[in-house]
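Peer 1: One structure, as structure tokens, below. Some questions next.
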Amino acid sequence: MNRRSLWTQDVWVDLGLLTFARAAVTARDGRLISKREALELLPSLRAPGEVVDDIRRRRYGDPAPVTEEWTRRRAGLTRSYLGSAIDGLVASGC
């Protein structure tokens, strides 16, 4: 989480959020889910909606060109969310 520059890359944002959702379901229910299922679950896990929409658009829709400003904002939103979300998952003892 500390290497900020990594979080400006699509792959880090996508896999960070999708892996968290998949881990949460595995810890809670003992089952594995697909990346697509994880993407659909993220809003209920209170992931930033605009980041979830960005992932969905890039993976399954028509990816629009992005600005450097959005890339930095997306990185910040993702890092902020994952930091507290991971702490919460670990603390819950799932």
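The values are calculated or read from the model by the stated rules, or taken from the named source; none is laboratory data. Nothing here was measured: the structure is a model prediction, and the numbers come from that model. Cβ sites come from the backbone with ideal geometry, for glycine too, and all protein chains shown count toward neighbours.
Peer 1: Take the residues in the range 55-77 that are of a type outside the set (D, E, K, R) and part of a helix (DSSP H, G or I); name whichever of them is modelled with the lowest pLDDT.
Peer 2: Step by step, filter the range 55-77, then rank; the result is TYR60.
Peer 1: Taking the residues in the range 40-75 that are touching a residue at least 40 places away in the same chain (Cβ under 8 Å) and more than 19 Å from VAL25 (Cβ to Cβ) as candidates, determine which candidate is surrounded by the most Cβ atoms within 10 Å (Cβ to Cβ).
Peer 2: Taking the candidates together, the pick is ASP54.
Peer 1: List the pairs whose first member sits in the range 13-26 and is under 20 Å from ARG73 (Cα atoms), whose second member is at pLDDT 95 or above and of a type in the set (Asp, Glu), and whose Cβ atoms are under 9 Å apart, counting only residues at least 6 apart or on separate chains?
Peer 2: Matching pairs, first to second residue: VAL13/ASP54.
Peer 1: Next question. Might you check whether a residue that is surrounded by 15 or more Cβ atoms within 10 Å (Cβ to Cβ) and part of a loop (DSSP other than H, G, I, E, B) occurs anywhere in the range 3-26?
Peer 2: Scanning the range 3-26 turns up no residue that is surrounded by 15 or more Cβ atoms within 10 Å (Cβ to Cβ) and part of a loop (DSSP other than H, G, I, E, B).
Peer 1: A further question on this structure: Return the pairs, sorted by first residue and then second, in which the second residue is among the aromatic types (Phe, Trp, Tyr) and at pLDDT below 95, the first residue lies in the range 80-94 and is closer than 20 Å to THR8 by Cβ, the beta carbons are less than 7 Å apart, and the residues are 6+ apart or on different chains.
Peer 2: none
Peer 1: A follow-up question, please. Give the residues of the range 27-39 that are within 25 Å of GLY93 (Cβ to Cβ), part of a helix (DSSP H, G or I) and without any contact (Cβ under 8 Å) to a residue 24 or more places away in the chain, sorted by residue number.
Peer 2: Residues satisfying the conditions are ASP29, GLU37, ALA38.
Peer 1: On to the next question. Which ones in the range 43-58 are in contact with a helix residue (DSSP H, G or I) (Cβ under 8 Å, 6 or more places away or on another chain) and farther than 11 Å from THR78 by Cβ?
Peer 2: Answer for the range 43-58, where residues must be in contact with a helix residue (DSSP H, G or I) (Cβ under 8 Å, 6 or more places away or on another chain) and farther than 11 Å from THR78 by Cβ: PRO43, LEU45, ARG46, GLY49, ARG56, ARG58.
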